[in-house]
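The values are calculated or read from the model by the stated rules, or taken from the named source; none is laboratory data. Source: prediction; values computed, not measured. Positions of Cβ are generated from backbone atoms using ideal geometry, with glycine treated the same way; all protein chains shown enter the neighbour counts.
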Amino acid sequence: MHVMLDISRLLSSAWRGYPSGIDRVEYAYARHWRDAPAGQFSFVASSLAGGFQPFPRRLACGLLDALVQSLTEGGNGGPGHVRARALAAIGHALLLSRTGSRALARHVRNTPGTVLVAVSHRSIGQARAIEALRAAGAAFVPLIHDLIPLTHPEYSQPDAGVRHGAMLHTISRVADAVIVNSGATQHALAEWMGRNALRCPPLTVAPLGFDLPDMQPDACQRPREPYFVMLGTIEPRKNHIFLLSLWRDLHAEFGQAAPRLMIIGRQGWESEAVKRMLARRQGFDGLVEARGRVSDQDIAWLLGGARALLFPSMAEGYGIPLVEALSLGIPAIGSDIPALREVGGQVPELLHPLDGPGWRQAILDYMQPDSSRRRAQLERLAGWRRPDWDDHFRMVEGVMKGAVQERNRPTRDRSIELSGQGTVATVGRAVS
């Protein structure tokens, strides 16, 4: 089997300087295979002239190393970010011609057992490029992170739903198998395919791993205790305004005796309201601090001193901040939504994302040094097993081998088997 991994999103993340979300998943995939023998693995990327092209391994590995340094720096403008941008510029220059796409198609024809793996939703939408590689003999296995633009369009950019729907139509036509990050995403995808009378490829749930380093003393200055942490990109569905409104009331009632709130995450889509609220309230006299992008080491250190992670998101496909907090042994108070119930099991306190009185009482309880609710969650946390990348890639590699075998079966046998076939789903282990 020869794996071709699309790293187009990593090239884009180099300009932002701090990979997050899906960028980090694509990085984990690249890290997993970067040292595989040349006959078993290669990098590809979306050509600016259309199609996919080979991407030099030496350049890709240099980019990965620069991104690691950028994550350590925690912001824009550092040496790692500068180096990542320079390497990405070189990479994009190499992707300007059309000859690379033809060369890649020849490589696929001459390499039986090739499978194209795409982690980024943006790349999955390139139907013609994927179909060209499948026509040359490659199997296609994408990873789907969520269906939020379709299930919760109010929390997405105006045209995101159209793009997401087009991507799922591509998957229905050409995917040989699909990896999903959670049972919640699997259910949403299978339901959407069925409602739209589309073929649903086999689905496998492979929970994502954990990447934060261990907590390091004095990595950065922690707020005065007690404090809570909200972690994630600042955008409407993460529900920052709800939490800031709650802190406004806590400030009015308790003044400086109220707990602190640390907001960690880059500014995302429609984040202006959060910025205005913090600016006009002057951080609620220092009770609320937004630190933006910080290094992975600082995130681990700040989470480690918090009374709990606060995660009032309106919609998630998985919930990486919850995994990170629980993996570090830190309690969490989150939204009672399917993905977080699945990832956290019975450990975190889960509330309706708009239950103001419930969130207020939980925060006041957890801020106490002798909080019985917090102590009970820590006891539950002792039995929680965090998902890891080794388990994830064992399942992914099994799916890819199955997809390659299916592609190599005679077309007539496959067509007979698929006739009358509806939704097919295979489920990996759930997080417990």
Leading residue by the ranking (farthest from residue 89 (Cα to Cα)) among those in region 1-27 that are assigned to a helix (DSSP H, G or I) and in contact with a Leu (Cβ under 8 Å, 6 or more places away or on another chain)
25
Just one of 77, 62, 51 is more than 25 Å from residue 298 (Cα to Cα) and over 19 Å from the mean Cα position of the chain (by Cα); which is it?
51
I'm checking my understanding of the structure. Among residues of region 158-181 that are in a helix (DSSP H, G or I) and free of Cβ contacts under 8 Å to residues at least 12 places away in the same chain, which one is surrounded by the fewest Cβ atoms within 10 Å (Cβ to Cβ)?
162
Residue check, residue 228 under 20 Å from residue 354 (Cβ atoms), of a type outside the set (Lys, Arg) and touching a Lys or Arg at 6+ places or on another chain (Cβ under 6 Å)
yes
Please note which helices (runs of 4 or more DSSP H) are completely contained in region 330-420 and include at least 1 residues that are modelled with pLDDT of 95 or more and charged (D, E, K, R).
338-344, 356-366, 372-381, 389-408
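Every residue, every condition in (1) basic (Lys, Arg); (2) in contact with a Phe, Trp or Tyr (Cβ under 7 Å, 6 or more places away or on another chain), yes or no:
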site: 56; (1), (2): no, no
site: 63; (1), (2): no, no
site: 73; (1), (2): no, no
site: 79; (1), (2): no, no
site: 106; (1), (2): yes, no
site: 119; (1), (2): no, yes
site: 127; (1), (2): no, no
site: 130; (1), (2): no, yes
Which residue is surrounded by the most Cβ atoms within 10 Å (Cβ to Cβ), if the candidates are limited to region 113-146 and must be more than 28 Å from residue 183 (Cα to Cα) and among the small types (Gly, Ala, Ser)?
129
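Which residue out of 165, 137, 161 is on the phi > 0 side of the Ramachandran plot and either at pLDDT below 95 or not assigned by TED's automatic domain parsing to the domain that holds residue 314 (or both)? Even if it seems obvious, please write down each step before you answer.
Values: 165 fails: on the phi > 0 side of the Ramachandran plot; 161 fails: on the phi > 0 side of the Ramachandran plot.
So the residue among 165, 137, 161 that is on the phi > 0 side of the Ramachandran plot and either at pLDDT below 95 or not assigned by TED's automatic domain parsing to the domain that holds residue 314 (or both) is 137.
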With the structure loaded, tell me whether residue 172 is more than 30 Å from residue 54 (Cβ to Cβ), at pLDDT 95 or above and polar (S, T, N, Q) or whether it fails that test.
no
Anything in region 237-249 that is surrounded by 15 or more Cβ atoms within 10 Å (Cβ to Cβ) and among the hydrophobic types (A, V, I, L, M, F, W, C)? List them, or say none.
242, 243, 244, 246, 247
Kindly establish whether residue 70 is of a type outside the set (A, V, I, L, M, F, W, C), under 16 Å from residue 26 (Cβ atoms), assigned by TED's automatic domain parsing to the domain that holds residue 179 and touching a residue at least 12 places away in the same chain (Cβ under 8 Å).
yes
Residue set 9, 16, 34; condition out of contact with any Cys (no Cβ under 8 Å at 6 or more places or on another chain) and surrounded by fewer than 19 Cβ atoms within 10 Å (Cβ to Cβ); output residue 16
Take the conditions under 21 Å from residue 5 (Cα atoms), outside the structural domain of residue 271 (by TED's automatic domain parsing) and hydrophobic (A, V, I, L, M, F, W, C) and apply them to residue 205. Does it pass?
yes
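Taking helices (runs of 4 or more DSSP H) that fall entirely within region 250-328, which contain at least 3 residues that are touching a residue at least 24 places away in the same chain (Cβ under 8 Å) and either surrounded by 15 or more Cβ atoms within 10 Å (Cβ to Cβ) or not acidic (Asp, Glu) (or both)? Steps first, answer last, please.
Working: elements: 272-280, 282-286, 296-304, 320-327.
Helices (runs of 4 or more DSSP H) meeting the threshold: 272-280, 296-304, 320-327.
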